[in-house]
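Below: the structure, in structure tokens.
All of the numbers you see were taken from the coordinates with simple rules; none came from a lab. Since we're looking at a predicted model, the values are computed, not measured. Here the Cβ is made from the backbone with ideal geometry for all residues, glycine too, and neighbour counts use every protein chain on show.
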Amino acid sequence: MGDEERENGRRPRLAVWKFASCDGCQLTLLDCEDELLALSGKVEVAFFHEAVTAPDEGMYDLSLVDGSITTPADAERVQHVRAVSRRLVTLGACATAGGIQALRNYADVAEFRAAVYASDAYIDTLATSTPISAHVPVDFELRGCPIDRGQLLEVITAYLAGRTPDTPAHSVCFECKRRGTPCIVVARGIPCLGPVTHAGCGALCPAYGRGCYGCFGPSNSTKFPAFIPLLRRDGMNTLDVVRALRTFNTAAPEFDAASRKEELG
Amino acid sequence: MTVGTAVSTVLDRDGLDALITLLAEDGRTVIGPTVRDQAIVLAEIGSGADLPYGWGVELEAGHYRLRSRADGAAFAHSAGPQSWKTYLHPQRERQWTADLTADGDMEVREETSPPPSYAFIGVRPCDLRAIAIQDRVLGGGPHADTRYAARRRQAFVVAVECTEPGATCFCVSMGTGPAVGPGYDLALTEVVDGRGHRFLARVGSPEGEAVLARLPHVPADEETAGTARRLVEEAAARMGRTMPEVDLRELMRETLDAERWNDVTARCLTCGNCTMACPTCFCTTVEDVTDLTGEHAERWRRWESCFDVDFTHLSSGPVRASPLSRYRQWLTHKVGTWHDQFDSTGCVGCGRCIVWCPVGIDITEEAHALDAERAAASGDGEVER
């Protein structure tokens, strides 16, 4: 909690903002069922379209931002969000990396528009989907599609306590080992993005026999030249590899560079 | 009965089952190998029926597959994906809790929950040595981990000699197996032949002696004892891997600038799997947890790894930023500077880091390559490979 709020004795004001997204990450806040009452006692939820009927204007102590920037209007609006926010935290793959909608970055948006809409006269969209950090300074980024509930609470409680959130940036492999899941690459030959993917989900997919699909984006130490041959060994061809890297975090710089390199051959 | 290997007895499958049941009835949490997720994992077992009878494993670098065994053996498999540190040095453990008092002070309470009383069934000789190494690291010195020590003190250890080494095993090179060393309460050697399925049992402690006395058993016959001895001797000759027969500590010291580090780093994913699978890697970090009220805080300790770039994060950034520096730190510590720090090697030759490395980096191959590079640099043409 900032000194100012402590001196005033008032609850910090929380805002939740939506840009291009499915809303899943901001709904994670409402998913904090057991903690929701305690949370609303500690912060004033001043702006949250999904939960508050009368949004409050003014400065916000903590802004949680969901979604990526895909329209000129949103590119303007995010400047406003930054201007009225003391701390700005992005929620999930869209806000942190551009989301699945960043697949447009690899194609011609005008073509999509013509194919999808009978009349595209009212469609005003940008050629790219970009993360919030491409537009304004961001104080903290939460990974995931969707974010992890525990990590969201960690960010909020860390903010209230005035400490740094603890969201390890190492690989998902750490979490499989800590959870006791035998490596599905080694024991079953299942392609898995775990070795290059940021931890935070608790290694959910491998625990159910499915390869990690990288929804938390790149870890803090990716080694794609060593890693991609492993995907090929386990049956992936170039198209498979490119598709595996081009999902929710396709525009994350490490995933983007690796998929472009594969595509070029 | 004498404590040690002089006097031995024989249990059959029912006897082993009775051992597990008896240890559980004594209030212990019995942990042993069992089949789950297409691997032989360590987990709580309720009876002998949970043991992996009839299952073996096929091991290679970066490769593990379950294989059925015609002989129905329970312990003819090598080290699995986990080790006993899962239980003795758990991946996450609370250190203390703190609460704000009415007058604004902080009341801190150290974690005092009673440690579980474990019985470990099927501890391999290499893993028995790994436990001894962690005893020295965690239980010794001026900052002994009292909770580790308490779990360790209460643990009842049933070791099993190794009769079926894997292709990635090199316990002979490290002097840890396949015959059992000290540190067990009971030691078993599994024998399956025309005369039946049985376990040669030896006592290693008064507690082991007391437990064995309560089980249906017969004195060891010469044939069973002889077969058991032969199986272990044959296992020693079937190691899948070797370490170079040189002073590894010296090798590490003399090859810090070797070209080989670049070679291995190009293959390394820096994913951390080797350290998590290693039965002696002990590194941890702490996390401070606060709740929404701001009146309650906890400190937890969790497994960390020298492969995590944040492991050495200081105000100026990570000390070991490059993947090369991280891999080299791990290997030179494991078989080199571990001696300086803890008076032994940190490697027991279990082969887990080889098997569970997704890209199959092989600690023995790297050591041989470093040895060869050193020999070549010193003009010695005789390169052992």
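Assorted remarks:
- Remark on A:Ile190: its backbone amide H falls under 5 Å from those of A:Val185, a criterion applied only to residues 5 or more positions apart or on other chains, H modelled at 1.01 Å from N.
- Rounded to 5, the percent of DSSP beta bridges in chain A classed as antiparallel: 20
- Taking amide H positions as modeled 1.01 Å from N, with prolines and chain starts lacking one, the residues under 5 Å from A:Arg87 and 5 or more places away or on another chain are A:Leu62, A:Ser63.
- Normalised by the number of residues in segment B:248-377, the average gap of Cα pairs under 8 Å and 6 or more apart makes the relative contact order 35 percent.
- Average Cα contact separation per residue, segment A:172-264, under 8 Å, 6 or more apart, as relative contact order %: 24
- ³J(HN,Hα), Karplus 6.51/-1.76/1.60, whole Hz, each residue of segment B:159-173, x for Gly, Pro: 7, 10, 5, 8, 10, 9, x, x, 5, 9, 7, 8, 5, 5, 4
- Summarising the label geometry, the points placed 7 Å from Cα in the beta-carbon direction at A:Ala118 and A:Arg233 lie 5.5 nm from one another.
- For segment B:261-385, the convex hull spanned by the alpha carbon atoms encloses 155 Å³ per residue.
- 3J(HN,Hα) along segment B:242-253: 9, 8, x, 7, 9, 6, 5, 4, 5, 4, 5, 4 Hz, from the Karplus curve 6.51 cos²θ - 1.76 cosθ + 1.60 with θ = phi - 60°, whole Hz, x for Gly and Pro.
- Mean Cα-pair separation over length for chain B, i.e. relative contact order, pairs under 8 Å, 6 or more apart, %: 21
- Unit charges at the beta carbon, dipole of segment B:248-377: most positive-side option, B:Leu269, B:Ala369, B:Thr345: B:Ala369
- Cβ-Cβ FRET estimate between A:Ala51 and B:Gln341, R0 fixed at 60 Å, reported to 0.05: 0.65
- Fraction of the pair-distance distribution of chain B above 39 Å, Cα-Cα pairs, percent: 23
- When the C-alpha to C-alpha distance is required to be over 25 Å, the pairs from A:Lys18/A:Lys177; A:Lys18/A:Lys261; A:Lys223/A:Lys261; A:Lys177/A:Lys261; A:Lys42/A:Lys177 that qualify are A:Lys18/A:Lys177; A:Lys18/A:Lys261; A:Lys177/A:Lys261; A:Lys42/A:Lys177.
- Residue by residue, segment B:338-345 carries 3J(HN,Hα) couplings of 4, 4, 5, 8, 10, 6, 7, 6 Hz when phi is fed to the Karplus relation 6.51 cos²θ - 1.76 cosθ + 1.60 (θ = phi - 60°); x denotes Gly or Pro.
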